[in-house]
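Engineer: Take this structure first; my questions come after.
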Amino acid sequence: MEMKERQPWRAEEDALLRSYVKQYGPREWNLVSQRMKTPLNRDAKSCLERWKNYLKPGIKKGSLTEEEQRLVIRLQAKYGNKWKKIAAEVPGRTAKRLGKWWEVFKEKQQREKKEISRISDPVNSSKYENILESFAEKLVKERPSPSFVMAASDDLFLQTDAPAPASALLPCWLSSSTAVSPSSLSVTLSLFSSPAPSYSWLQSERGPDNAAPFVMGNNAAEAAALHRTIPALSDKSPVSQMVEHCKEMEEAHCALAMHKKEAAWRLSRVELQLESEKASQRQNKIEEFEAKIKVLQEEEKAVLGRIEAEYRIQRTVRCIEERC
């Protein structure tokens, strides 16, 4: 008999197998073509699998019901992947059908876990790049470059350097280049006349802090006012605080969504386990009830047997008495 592998079964072949089983029983599959006088290009194993998994009376077709799914999950946790043993406790379902359903069920669980893990990942900062760039451009346009020119005595004047680049005016979280650091304001002293000697009073009034802004003149109040007028470039602007709050809210929202989804998944698993336990208890009660009925039937048969035996004895005694 020629082999015809991996070809779908036709209705005529199924009808031929049913007729063969009806006449000869589900055995000796290699003799189907010879006994039925009809060529069947299938090997014995294919015929057996077709009958056992699809054509055998009592086999259910279609998807598993919710009760069957809960039962399969409970039995798989009990027996493992012993599908023949599991199929013996699931009426109308074959081991092959249950094994395929379990593979699909596990793949679905893995996809759900991957989705939950993907949601739980930290928020990617790249989604804020466009927002930060627009804020940076707006901040650079609206914020003028500081320029201070102050006159001093003895024909001295102060001149600031060229305006700092745009990246120097931005806060640290908006700066796109880490190599460029905010440059501090520098002061250039120049004289109209020839080079003059250094002034000790200027050094004493600048104070010990070399990194502090310049101080000119003999009035300390003017120096304090100058300190107040120079903006602190390191302070965070309201825009940066708003963006940070937005990022925190987005992360909290994603974490909450992930938590809700995981909680819903865990709740569904608990409900499924509860339903499987209920089905198991129901099945145990049914088995106990059937066992009690069986015991009562056996007792009934025993009582009927005793009654029949007594009746036969009495009848025999009467016959003997009548003869006498």
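Engineer: Residues to consider are Ala302, Ala291, Ala279, Ala309; find the one that is in a helix (DSSP H, G or I), in contact with a Lys or Arg (Cβ under 9 Å, 6 or more places away or on another chain) and not assigned by TED's automatic domain parsing to the domain that holds Arg70.
Structural biologist: Ala279
Engineer: For region 1-107, which helices (runs of 4 or more DSSP H) that fit wholly inside it have 1 or more residues that are among the acidic types (Asp, Glu)?
Structural biologist: By residue number, 11-24, 44-50, 66-79.
Engineer: Regarding Ile286, is this residue in a helix (DSSP H, G or I), surrounded by 10 or more Cβ atoms within 10 Å (Cβ to Cβ) and within 49 Å of the chain's Cα centre (by Cα)?
Structural biologist: yes
Engineer: With the structure loaded, tell me whether Arg50 is in contact (Cβ under 8 Å) with a residue 12 or more places away in the chain, among the basic types (Lys, Arg), farther than 30 Å from Ala279 by Cα and surrounded by 17 or more Cβ atoms within 10 Å (Cβ to Cβ) or whether it fails that test.
Structural biologist: yes
The values are calculated or read from the model by the stated rules, or taken from the named source; none is laboratory data. Owing to the predicted nature of the structure, the values given are computational and were not obtained by experimental measurement. Neighbour counts are summed over all protein chains in view; Cβ atoms, including those assigned to glycine, are modelled from backbone coordinates with ideal geometry.
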